[in-house]
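Written below as structure tokens is the structure these notes are about.
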Amino acid sequence: MRQRLALFAPLMLFVAVAPFLWLALDRDPNELPSARIGEEFPEFSLADLNDPQQLLSAADLRGEVALVNVWATWCYACSIEHAMLNELASLGVKIIGLNYKDNRDEATRWLQHLGDPYAFSIFDASGSLGIDLGVYGAPETYLLDAEGIIRHRRVGILDQRSWQREFAQRYQTLASSNVD
């Protein structure tokens, strides 16, 4: 009798776990939950990547709808998404860079070589802002409304498909509600 039960144990375990696996198939792995959605961008005081004497803060992120893109030169995926960021910037989308745990000289050379889609870049060498923001790694992109409230987050490459699926409508809605 025990041998028979032992034979069915893996099947019973699979039947118990299968509903959870089925539910997970319908989820986008890039849509990680964020405790910051609906909250203000965290306060910070960090230097501008291109001008170490200029300190930036969360107040610099307010005033218009913008994307905040977490990037680094050590991030291969960031180099893949960079062409899309350049394209969006050329269309008038305001993008703010968050250079994450990087080397300042390498980062400025990288932007000179690949183009600079950023209105400005926050230099977060230690990753302190990234920690406050809940960054998993680079690339990540946040959509902020004009008041600096985080409205959406994407972990992973921002490409044409993810822009259309996740950001375009949200961006347009926020941008049109900001025009008075």
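Computed from the coordinates by the stated procedures, all read-outs in this text should not be read as laboratory data. For clarity, every value in this text was computed on a predicted model and none was experimentally measured. Here the Cβ positions follow ideal geometry from the backbone for every residue, glycine too, while neighbour counts run over all protein chains shown.
Computed values, structure above
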read-out	value
Protection-proxy order for peptides 65-76, 116-127, each taking the mean of Cβ atoms within 10 Å per residue, highest first	65-76, 116-127
Relative contact order (%) - the stretch 72-180, alpha-carbon pairs under 8 angstrom, separation at least six	27 percent
Length gained when the stretch Tyr136-Asn103 is fully extended (0.36 nm per residue, less Cα-Cα span)	10.0 nm
Peptide ranges 93-102, 154-163 listed from the most packed, as the mean C-beta count within 10 angstrom indicates	93-102, 154-163
Extension gain, Asp159 back to Asn86 (0.36 nm per residue minus Cα-Cα distance, nm)	25.2 nm
q = 0.10, 0.13 Å⁻¹, the stretch 32-178: log10 I(q)/I(0) [Debye, one scatterer per Cα]	-0.29, -0.50
Spin-label pair Glu64/Glu39, simplified geometry with 7 Å Cα→Cβ offset, distance in nm	2.8 nm
Karplus-derived HN-Hα couplings along the stretch 41-52 (A = 6.51, B = -1.76, C = 1.60, θ = phi - 60°), whole Hz, x at Gly and Pro	4, x, 5, 7, 9, 9, 6, 6, 4, 7, 9, x
Segment Asn50-Ser79, length gained on full extension (0.36 nm per residue, minus Cα span)	8.5 nm
Options Cys75, Leu85, Gln164, ranked by Cα towards positive dipole end of the stretch 32-178, top entry (Cβ charges)	Gln164
